[in-house]
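Q: Shown below is the structure under consideration.
The values are calculated or read from the model by the stated rules, or taken from the named source; none is laboratory data. Keep in mind that what you see is a predicted model, and the values were worked out from it rather than measured. Virtual Cβ from ideal backbone geometry, glycine too; neighbours counted across all protein chains shown.
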């Protein structure tokens, strides 16, 4: 390993590691030596900022920023290292061990070019180095694509309204809503149905996070004046994910749930159903005045729960609240998330007893997808892209196919 200060007889330094202590990353040392020989050095966090101002930094091609959970308190400093490297056209490979997804996401958004987990998978660092050392082709300027679809006035598609409602925090309602919408948008290889995903959790909605979409001010502007809303205004509030899925994110600021009325929600749903074949709504877990409007218009209302006491108690209270208002509880389809495996007879018995005690039917059982699900959500990708073989993704895909088939059959019968 070469010192970062060039010696007269030494070759130029083209890369360096930046870490609290590079000896904590022995595999990184081995892989750097294998890839670069003696043409690299190592720096501490504070040393890196000083080095970027030296003439020797002009020869640098990339830095490998290595961190573990103990370094998360230095996120601001590491963000500045990334920023200073990018100013000098130095690429950044992020090496992370046991770092929270939020910290990792923050550094990637600040400009890190590559990410490799530690311990380093065989050959992954060499591939990352090859990618960052490959010159970036400059594409000719093109016209910026519109962020929102062009909606046509007078369209009457009478789309199906599908609602997802988590009966307790963390039951996976947003994960299901996002991936169900994506699977429906891809239900056919060519010319698939048009799908609109609406996040009505105005305070903690995370659809934008799960699809890596920005939150925009014009969402609030549209919600605050739905009386003047038309196809153009509604379309400007939408974002498009990979040219297939149209999304109305939650507003950029946390808003009270009663900032919109039942009439506002009715107008939004009506316009969305006119323009799209499927409208998926991700609801807040709280019941509000306009929850009745959504339930009355829904074709299917998925209520998500888990195999625990809080879900059981909330389900019972949810049912009683709807029944007391004589609302259509028959539209509810209960979804058991993180359901026991097929071979877990004890767990399956608990699910059966829970359903019997609550006088409900568990219509859909979704398996526990584990860490890949959290990682997909943190990276802003549907499961079909990030974990296509996940058992959870397969079950949601089956559900989407059955919904689409049922709608096609109904349309042909009509």
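Q: Being in contact (Cβ under 8 Å) with a residue 12 or more places away in the chain and over 19 Å from residue 103 (Cα atoms) is the filter here, so list the residues in the range 52-70 that pass it.
A: Narrowing the range 52-70 to residues in contact (Cβ under 8 Å) with a residue 12 or more places away in the chain: 52, 56-70.
If the condition is that a residue be in contact (Cβ under 8 Å) with a residue 12 or more places away in the chain and over 19 Å from residue 103 (Cα atoms), then 52, 56, 57, 58, 59, 60, 61, 62 are the ones that fit.
Q: Restricted to the range 113-166, and to residues that are part of a loop (DSSP other than H, G, I, E, B) and touching a strand residue (DSSP E or B) at 6+ places or on another chain (Cβ under 7 Å), which residue is modelled with the highest pLDDT? Reasoning before the result, please.
A: Going residue by residue through the range 113-166, those that are part of a loop (DSSP other than H, G, I, E, B) are 113, 118-123, 134-159.
Imposing the further condition that a residue be touching a strand residue (DSSP E or B) at 6+ places or on another chain (Cβ under 7 Å) reduces the set to 113, 118, 147-149, 159.
Working: 113: 86, 118: 89, 147: 47, 148: 54, 149: 60, 159: 94.
The residue in question is 159.
Q: Quick check on the range 380-394. Is at least one of its residues closer than 22 Å to residue 174 by Cβ and in contact with a strand residue (DSSP E or B) (Cβ under 7 Å, 6 or more places away or on another chain)? Before you say what the answer is, go through the steps one by one.
A: Residues of the range 380-394 that are closer than 22 Å to residue 174 by Cβ, as a first pass: 380-394.
Now restrict to residues that are in contact with a strand residue (DSSP E or B) (Cβ under 7 Å, 6 or more places away or on another chain): none.
There is no residue in the range 380-394 that is closer than 22 Å to residue 174 by Cβ and in contact with a strand residue (DSSP E or B) (Cβ under 7 Å, 6 or more places away or on another chain).
Q: Go through the range 357-391 and give me each residue that's part of a helix (DSSP H, G or I) and over 15 Å from the mean Cα position of the chain (by Cα).
A: First pass over the range 357-391, keeping only residues part of a helix (DSSP H, G or I): 357-358, 371-379, 383-386, 391.
Selection gives 357, 358, 391.
Q: If you don't mind, another one. Does residue 363 satisfy being within 29 Å of residue 104 (Cα to Cα) and touching a residue at least 24 places away in the same chain (Cβ under 8 Å)? Write out each step before concluding.
A: On the way: within 29 Å of residue 104 (Cα to Cα): no; touching a residue at least 24 places away in the same chain (Cβ under 8 Å): yes.
Criteria not met by residue 363.
Q: Would the range 297-305 turn up any residue that is in the same structural domain as residue 172 (by TED's automatic domain parsing), surrounded by fewer than 21 Cβ atoms within 10 Å (Cβ to Cβ) and not in a loop (DSSP other than H, G, I, E, B)? I'd like the intermediate steps shown before the answer.
A: Taking the range 297-305 as the starting set, the residues that turn out to be in the same structural domain as residue 172 (by TED's automatic domain parsing) are 297-305.
Filter once more, keeping what is surrounded by fewer than 21 Cβ atoms within 10 Å (Cβ to Cβ): 297, 299-300.
After this cut, where a residue has to be not in a loop (DSSP other than H, G, I, E, B) as well, the list is 297, 300.
Yes, because at least one residue in the range 297-305 is in the same structural domain as residue 172 (by TED's automatic domain parsing), surrounded by fewer than 21 Cβ atoms within 10 Å (Cβ to Cβ) and not in a loop (DSSP other than H, G, I, E, B).
Q: When you go through 213, 238 one by one, which is the residue that is assigned by TED's automatic domain parsing to the domain that holds residue 385 and closer than 23 Å to residue 105 by Cα?
A: On the way: 238 fails: closer than 23 Å to residue 105 by Cα.
Only one candidate qualifies: 213.
Q: Report yes if some residue within the range 345-356 is part of a loop (DSSP other than H, G, I, E, B) and either more than 29 Å from the chain's Cα centre (by Cα) or at pLDDT 95 or above (or both); otherwise report no. Spell out how you get there, then give the answer.
A: Filtering the range 345-356 for residues part of a loop (DSSP other than H, G, I, E, B) gives none.
Within the range 345-356 (the criterion being part of a loop (DSSP other than H, G, I, E, B) and either more than 29 Å from the chain's Cα centre (by Cα) or at pLDDT 95 or above (or both)), the answer is no, since none of the residues qualifies.
Q: Residue 85: more than 17 Å from residue 30 (Cα to Cα), outside any strand (DSSP E or B), under 25 Å from the mean Cα position of the chain (by Cα) and not assigned by TED's automatic domain parsing to the domain that holds residue 378, yes or no? Full working, then the answer.
A: Details: more than 17 Å from residue 30 (Cα to Cα): yes; outside any strand (DSSP E or B): yes; under 25 Å from the mean Cα position of the chain (by Cα): no; not assigned by TED's automatic domain parsing to the domain that holds residue 378: yes.
No.
Q: Still on this structure, please answer the following. Taking the options 28, 49, 75, name whichever one is farther than 17 Å from residue 111 by Cα, within 34 Å of the chain's Cα centre (by Cα), outside any strand (DSSP E or B) and in contact (Cβ under 8 Å) with a residue 24 or more places away in the chain.
A: None of the others qualify; the one that does is 28.
Q: Quick one: residue 169 ticks every box in (1) assigned to a loop (DSSP other than H, G, I, E, B); (2) surrounded by 13 or more Cβ atoms within 10 Å (Cβ to Cβ); (3) modelled with pLDDT of 80 or more bar one, so which box is it?
A: All conditions are met except number (2).
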